[in-house]
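Asks: Can you read through this structure? Questions will come right after.
The values are calculated or read from the model by the stated rules, or taken from the named source; none is laboratory data. Nothing here was measured: the structure is a model prediction, and the numbers come from that model. Backbone-built Cβ (ideal geometry, glycine too); neighbour counts: all protein chains shown. Calculation scope for accessible area: heavy atoms of the full protein, side chains included, ligands and nucleic acids excluded. Shrake-Rupley method; radii C 1.70, N 1.55, O 1.52, S 1.80 Å.
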Amino acid sequence: PLALGLYTVNAVYGDTITMPCRLEVPDGLMFGKWKYEMPNGSPVFIAFRSSTKKNVQYDDVPDYKDRLSLSENYTLSIKNARISDEKRFVCMLVTEDDVSEEPTIVKVFKQPSQPEILHQADFLETEKLQMLGECVARDSYPEGNVTWYKNGRVLQPVEEAVVINLQKMVNKSTGLFTMTSSLQYMPTKEDANAKFSCVVTYYGPSGQKTIQSELVVFDVHYPTEKVTIQVLPQSSTIKEGDNITLKCSGNGNPPPQEFLFYIPGETEGIRSSDTYSMTDVRRNATGEYKCSLTDKSMMDSTTITVHYLDLQLTPSGEVTKQIGEALPVSCTISSSRNATVFWIKDNTRMQTSPSFSSLQYQDAGNYICATTLQEVEGLQKRKTLKLIVEGKPQIKMTKKTNTNKMSKTIICHVEGFPKPAVQWTVTGSGSIINKAKETRYVNGKFSSKIVIAPEENVTLTCIAENQLERTVTSLNVSAISIPEYDEPEDRNDDNSEKVNDQAKLIVGIVVGLLLAALVAGVVYWLYVKKSKTASKHVDKDLGNIEENKKLEENNHKSET
C-alpha cells in the first residue's frame, strides 16, 4: 500500500511491525542504518549494521529500547506496536561514494472494545424527552464513529425527539480514543418492547469495520386510554350462592392499581384495588356493574344476571292421612328461566303428577318434587313428601275344602295400616293342623290362614288389631263330614283390587235384577186386584178354586 506515493506498513496495535529495506544492496556497501523523522524534520537514528563486521548496534532511544531487531537484509522489526510508532522511517545504505535512502510510512490500528450502553434509563415516559443512555466504545485507533439503532434501523436526529451527542476522548499515555455517544429520546406507546442498540464504526488494517452492542429493551410508561371490566370466573351463567369477582384493568403501563367500582343500588363508587369480590350472591345482585379510574374517567360496564330457582311443595315433610281421604298436592316453582319439573316416588320417576281424591294404601310412599334449570349448571331444587296412609283393620274371611277332603283352609284377609296383628280363636271340637301363616304385607293388605280338620261344627274368629282399632270377625265351619259351600279364596293380595271390582259388578247386577222383579210383582198385584173388583157379578163359586190356584202359582213365581 502507498500513502502519498510512499510505501506504507499497516500494523495492529501490540503486534510486531516489520519494515523491509526496499533498496538494492550496492557493491562496496559499508553499513546500513535506520532512522525516523521528528515532526520538525530532524532525524533520530535508531539502528546500525556493518556489512563487514556483521555487528548490529541500536541507538539509545528510550521509546525503542529492547523493541528493535535489524536482520542481515536490513529489515527492521519493532515489537509491541504503539500509536507513537506511527512515523516516517528511513532505511539508509552507505558506500564510500554514495548514501541511498528509502522511506516507509507506519500506520497503527486498534480495534475498539464492544460498545456498551451505560447509564440506562430505568423507564421511558411517552411525550417526554429524556436520556435513554450512553453508548461507550473504548481504546480505538484511529477514532471511530457511533450510530444508534432502533429495531435494526438507524436513528436519525429529530429536533426535540431524537438528540444525539458524540464525544471523543484520547488517552494521552496510549493515544487511544474512547467514543461516547449519548441519546435523548422521546418515546411513543409503540416503543414498548422496542430493541435499542449502538454500533461503532472503525478502521482496521484491511479497511472499515463495525461492532454492535447488546440489544436493550426499555420499559415504556404510557397513560391508560381504556379500562375493561370482566367477571371472574369466566362462566356463561351465575347462580345464587356463587362467589364472583369483578376485575377492572387499564391498558396503560404501568397499569392502574386502584379503581372505582359501581354496584347496583349504590350511588357512590367503591374504591378498591383492581378486583372487587362478592360472596354468596343473591338474585338482587342482578344488574349493571361499572368500573372507572379513580378520577371517574374511562368507564366500562358489564351486566350480571344471577339465576335463581325456587320450589314450593304443599304439603311437604311427613304427612299422615286416613284411607279414603282426599289430599291435594301442589308443587310450584319460580325461576329466572323456564324450568322443568318431575316427580319421583320411591326412587322411580313418575309419568304424571300425583293426585289423591281418595287415598289408598298403595298411595303411601316417599314423593320427591324436583326441578332443574338445564342452562345453568348445578342449579336444581327438590323437596320431599313422605305420605303415610292409615286405616282401621278390615277383615274378610273365606273357607275352602282341601282336595284331600280331610281338611279345610280358613283365610282371614286383612287390610289396615299400621300393619294389624292377627290372632285366631276357635270354638268347638277340632284341632289346628298347623300354625297361622301370613302372606307378604303389600299396600296395606295381607292374609293369615290356618288349616283345620273339624270333627263337628266350629266357629273360627279372626281378630285384627292396630293402633287405630280392634276388629273381630267370625266364620262358621261345618264338620269335615258335612258338605257345605266353599267360598273361593282370593288369588292373591296383589290382585285384590280387581277381585273387589268384579265383586262390586256382580253385586250391582244382582241388585238390579231384584229391583226389576220387585217392580214387576207390584204391577201384577195391582192388575189382579183390579180384575177381582170387576168380576163381582160373576158366580163366586165358579172358578174360584182354579183362579186361586193360578194366583197362588203366579204369586209364588213372583216371590221367587
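Asks: Order of 227-235, 514-522 by packing, highest average Cβ count within 10 Å first?
Replies: Working: 227-235: 13.8, 514-522: 11.3.
Output ranking for 227-235, 514-522: 227-235, 514-522.
Asks: Oh, and also: For the ranges 28-35, 117-124, what's the packing order if you count other beta-carbon atoms within 10 Å of each residue, average per peptide, and put the highest first? Could the numbers behind the result be given before it?
Replies: Numbers: 28-35: 18.9, 117-124: 14.2.
Result, highest mean Cβ count within 10 Å first: 28-35, 117-124.
Asks: I want the local charge near residue 309. Using Cβ-Cβ distances under 9 Å, sum +1 for each Lys or Arg and -1 for each Asp or Glu among the other residues.
Replies: Around residue 309, the charge tally is +1.
Asks: Hey, another quick one. So, R0 is 60 Å and r is the distance between the beta-carbons of residue 404 and residue 326; what FRET efficiency does that work out to, to 0.05?
Replies: Numbers: r = 49 Å, r/R0 = 0.82.
Here the calculated transfer efficiency is 0.75.
Asks: Once label points are set 7 Å from the Cα along Cα→Cβ at both residue 304 and residue 224, what is their separation, rounded to one decimal in nm?
Replies: It is 1.8 nm.
Asks: Another one. Given region 116-221, what count of lysine pairs have C-alpha atoms under 25 Å apart, with each pair 8 or more places apart or on different chains?
Replies: Number of lysine pairs found: 10.
Asks: Given the pairs 79/107; 35/79; 383/419; 345/386; 33/107, which are separated by over 18 angstrom at their Cα positions? Mind showing how you got there, number by number?
Replies: Numbers: 79/107 14 Å; 35/79 16 Å; 383/419 28 Å; 345/386 10 Å; 33/107 21 Å.
In this structure, 383/419; 33/107 lie more than 18 Å apart at Cα.
Asks: Could I have the simple spin-label model distance between residue 383 and residue 166, label points 7 Å from Cα toward Cβ, reported in nm to one decimal?
Replies: 8.9
Asks: Give a residue-ordered list of calculated ³J(HN,Hα) values for region 67-73 (Karplus: 6.51 cos²θ - 1.76 cosθ + 1.60, θ = phi - 60°; whole Hz; x for Gly, Pro).
Replies: Values per residue, Gly and Pro as x: 10, 9, 8, 10, 8, 5, 8 Hz.
Asks: So, one more: Separation of region 104-130 and region 344-418 by C-alpha centroid, Å?
Replies: After rounding, the separation between the Cα centres reads 96 Å.
Asks: Rounded to the nearest 20 debye, what is the charge dipole size of region 309-389 about its Cα centre when +1 sits on each Lys and Arg Cβ and -1 on each Asp and Glu Cβ?
Replies: Working: 8 positive and 7 negative charges, 7 e Å.
For region 309-389, the charge dipole is close to 40 debye.
Asks: How far apart, in nanometres, would the label points at residue 294 and residue 423 be if each is projected 7 angstrom from Cα along the Cα-to-Cβ direction?
Replies: With each label placed 7 Å out from Cα toward Cβ, I get 8.9 nm.
Asks: As an exercise, identify the trypsin sites (Lys or Arg not before Pro) in region 184-278 lying in DSSP coil whose Cβ has no more than 16 other Cβ atoms within 10 Å.
Replies: When the trypsin sites (Lys or Arg not before Pro) of region 184-278 are filtered for loop state and at most 16 Cβ neighbours within 10 Å, 226 remain.
Asks: Quick check for you: with a 1.4 Å probe and neighbouring chains kept, what is the accessible area per residue of region 175-326, in Å²?
Replies: 51
Asks: Next up: Report the Cα centroid-to-centroid distance between region 7-32 and region 268-289 in angstrom, as an integer.
Replies: So the separation of the two Cα centres works out to 91 Å.
Asks: Among 20, 235, 369, whose Cα sits farthest toward the positive end of the charge dipole of the chain (+1 at Cβ of Lys/Arg, -1 at Cβ of Asp/Glu, about the Cα centre)?
Replies: Selected residue: 369.
Asks: Let me check against my output: what whole-number percent is the relative contact order of the chain, with C-alpha pairs under 8 Å and at least 6 apart? Intermediate results must be reported in sequence, preceding the final value.
Replies: Working: 1230 pairs, mean separation 38.1, N = 560.
Relative contact order comes out at 7 percent.
Asks: Whole Å is fine, so just give me how far the alpha carbon centre of region 177-255 lies from that of region 135-172.
Replies: That distance is 23 Å.
Asks: Further, regarding this structure: Work out how much length residue 234 to residue 257 would gain on full extension: take 0.36 nm times their residue separation and subtract the Cα-Cα distance, in nm to one decimal.
Replies: That works out to 6.1 nm of additional length.
Asks: Of the accessible area of the chain, with the probe set at 1.4 angstrom, what percent is carbon plus sulfur?
Replies: 49
Asks: Mind listing the long-range amide H neighbours of residue 360? Cut-off is under 5 Å, sequence gap 5 or more, other chains count too, H placed in the peptide plane at 1.01 Å from N.
Replies: Excluding prolines and chain starts, which carry no amide H, the hits are 324.
Asks: Quote the FRET efficiency, to the nearest 0.05, computed for residue 509 versus residue 316 with a Förster distance R0 of 56 Å and r equal to the Cβ-Cβ distance.
Replies: In this case the efficiency is close to 0.80.
Asks: If you don't mind, there's one more thing I want to ask. Where both partners of a DSSP beta bridge lie in region 116-221, what percent of those bridges are antiparallel, to the nearest 5?
Replies: Beta bridges within region 116-221, antiparallel portion: roughly 95 percent.
Asks: Which one, 161, 108, 119, is farthest towards the positive end of the dipole of region 64-200 when Lys and Arg carry +1 and Asp and Glu -1 on their Cβ?
Replies: Of the candidates, 119 comes out farthest on the positive side.
Asks: Let me ask something else about it. When the chain is fully extended, how far beyond the present Cα-Cα distance does residue 212 get from residue 481, taking 0.36 nm per residue of separation?
Replies: Additional length available on full extension: 83.7 nm.
Asks: Further question: Let me spell out the model: positive unit charges on the Cβ of Lys and Arg, negative unit charges on the Cβ of Asp and Glu, origin at the Cα centre of the chain. What dipole size does that give, in debye rounded to 20?
Replies: Working: 63 positive and 70 negative charges, 513 e Å.
The dipole magnitude comes to about 2460 debye.
Asks: To the nearest 10 square angstrom, how much accessible area does residue 191 have with a 1.4 angstrom probe?
Replies: For residue 191, the solvent-accessible surface is approximately 10 Å².
Asks: For region 335-471, report the accessible area per residue in Å² (1.4 Å probe, heavy atoms, rounded to an integer).
Replies: Averaged over the residues of region 335-471, the accessible area is 55 Å².
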